[in-house]
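Everything on this sheet refers to the single structure shown next.
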Amino acid sequence: MYNIKFVMKKNLLYYKFTILFFFGFVFSLAQNLPYTEDFEHATNDSYSFTSNGKLFKIESAPTVDYPLGSFRIQGNYPGTGWNGLTIDNKYIDNDGAAEFGVNPSFKLKSEGFNFTSQNFYLFLADYNLQQFPFITPVPIIINGKENGTIIFTAVYIPLNAFMTNGYVQVNLKNINGMNYSNYEINELEISTSNPTNYVGLDAFTWTEVTPPLPTIWENGVWSDGVPTLTKDAILRASYPHDLVAKTLTFEADVTVPSGVTYTVDRNVTNTSHQVVFEHGAYLMQQNDNAVNIGNISFKRQSEPIYRLETLDWSSPVFGQNILALSPKTLQNRFYRYDESTNNWIANINAADIFQKGEYIAFRAPNNFNNYGEGVAKIFEGTFNGIPNNGSVLMVLTKNKFGNNAVGNPYPSPIDLKKVISFNSGMSTISNVFVWTHKKPIVNGEFSGDNWMIYNDQMGWSDPTVTSTTIGVGQGFIVQAESKVVSPIPTSIPFIFNNGMRVTGNEVVSYKMKEDDKFWLSLKQNNETLNSTLIGYKEGSTKQYEKVFDAEPMQVYPGIYSMIDQKEMSIQGRGAEFDEKDQFNLVVNILTPDNYTISLAKTNGIFAQGQSIYLVDKELNKITDLSKGDYNFISDKGYFANRFEIVYTNSVLHTTDLNVKNKLNVYTE
């Protein structure tokens, strides 16, 4: 094996050097400047080496023949290394452990200091030491870590890479246009996969980093200036202001008031103190791989509610018992949503905790007032556990409508557009449903539609909502469909990550061409029951399409447009506005009373004066809603043929139409 390896490696020399540079070339004798380690002074078969006076360890998985790890210092084959300028004799490799099907992986781990790495050279081959073009290049995964937390991940594919003595240069200053050479780490992990079974590393260029001292908040001052994303922070007292830090450690009881955001790049640690984020205070984290330690409490308040109303929450922490969140709510009034039946199921056990991204619905505490028997109350719940951070993988299904209950898993808001965009590769998220508390239960029924619907192409069904921010602890339902065609129900991966997180003060704005659309609202004695959105958007048609149209979760009292005898909360009716278009409206009335249909909001051509005529075919009246509301008296009932929307003023004033239908035109 040894002789074969020596011959094969020698035959892989790409160039013959007539002038050899002296070995042990030193790029820098000083710390904090780049230094290239050529391993010439390292001990053969060692699992550590000293470079520029600093100790590094070589770590890899053990094997039967190599119980300390398969990667170590290799010095048995002189002239088969490469120090970046010329051939040399020693390097790191997994000689003797390279086998077909074994995916090699190892790390260089510094002892007691951080470093950055600028570049290194790799010898990549199969178990017989064949290289490209005899084997297909596979990705090299490079992870930079600090104390086990991944700081960066780079993917390098050595396709047609220039080789010298069989080695390819990995330049961390430019991998796919990204610069990874400035990240502070204490572990450099290199992994690849079959058919690359053998890896050798030489000419490791690194720079020692002298970390700044942490800055401590105590007695009203910072010990070493305000923290930054590159400086650790320690709190020994409450700090009621926005904070930015590399890591954050609590060494005292701390209360974070509403309106304050702590932004931390990496880990948050609380070993034994009472740390409370009030309602409206947020914890942001940037690194998906940061690992938090210790429990922190996050308070959340509801809108004023009555006893029979439900709260639809998810947990920003891991470890929160579900029933303990609202002890005065009966256990059989906690629910999970079942996609296969499109219904809520009371299946919460006493020991159940919130899973990451799980949406739980629960009724208000049993001692809250019933509607009409006292004032509505604000419910405050406290989540206590380890703050959730990083990637959260969920599996959605579509057995029926594809309605899956999920929730914001983080102690900071998230942007719904980013959630939909990130997950668009494997699935189509057509609509999102968010429960509100605008309509209480009266005589056992909801007095209006509490579901607010978002369609990424059309917007919100509620004209008062413009932001796509989902708050802390908010559960919601996504209507998902896999892009993978399958005759059987398909599991649909769904991911949350830190890239979706936003601060409470961050304005989420996506300025695009304004679509032609409008919202109609149904009011009962000036109280809005619901709204419906109608628009004209490129790609939409008058047929039902999930990406443009949204059915309500349930046809509560309110107003809806129609497609193929189906009620719609959101409807796209074509790529461009058509003044000859017309369609029916459905009005669902719970109690006899005075009602109003009004134009709640307009965009595009409708904001520029385009008339919207409401036809009441029962009373033979027409009202231009762009100039005034339409008031009417109604009995209880479901009215599918009474109201119609048209746009053409000239048609409405023709003699034939007025004589035939005896319509009166109102422009009040």
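Computed values, structure above
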| quantity | calculated |
| --- | --- |
| Accessible surface of the chain [probe 1.4 Å, protein heavy atoms]: carbon and sulfur percent | 51 percent |
| Area of R300 that stays accessible when all protein chains are in place (1.4 Å probe, Å², to 10) | 30 Å² |
| Mean separation of Cα contacts under 8 Å, 6 or more apart, over the residue count of the chain: relative contact order % | 8 percent |
| Set K328/K400; K523/K546; K107/K417 screened for pairs whose C-alpha atoms are more than 31 Å apart | K328/K400; K107/K417 |
| Largest to smallest accessible area among I589, I157 [probe 1.4 Å] | I157, I589 |
| Whole-Å distance, taken between Cα centres, linking region 592-608 and region 58-109 | 73 Å |
| Calculated from backbone phi, Karplus (6.51, -1.76, 1.60) coupling profile of region 491-502 in Hz, x at Gly/Pro | 6, 10, x, 9, 10, 9, 8, 5, x, 8, 7, 9 |
| Between region 307-381 and region 429-478, the alpha-carbon center distance in angstrom | 17 Å |
| Accessible area of region 184-260 divided out per residue, in Å², using a probe of 1.4 angstrom | 38 Å² |
| Normalised contact order of region 188-242, rounded percent, pairs of Cα under 8 Å and 6 or more residues apart | 27 percent |
| Solvent-accessible area per residue, Å², over region 117-183 with all protein chains present [probe radius 1.4 Å] | 45 Å² |
| Net charge over other residues, Cβ less than 10 angstrom from the Cβ of A203 (K, R count +1; D, E count -1) | -4 |
| Accessible area expressed per residue, region 331-465, with surrounding protein chains retained (probe 1.4 Å, Å²) | 39 Å² |
| Contact order relative to length of region 63-135, as percent, for alpha carbon pairs under 8 angstrom and 6 or more apart | 24 percent |
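The values are calculated or read from the model by the stated rules, or taken from the named source; none is laboratory data. Quick caveat, the model's predicted, so the values are computed rather than measured. Positions of Cβ are backbone-derived with ideal geometry, glycine not excepted, and every protein chain shown enters the neighbour counts. These accessible areas exclude ligands, DNA and RNA; they are computed on the full protein's heavy atoms, side chains included. Shrake-Rupley method; radii C 1.70, N 1.55, O 1.52, S 1.80 Å.
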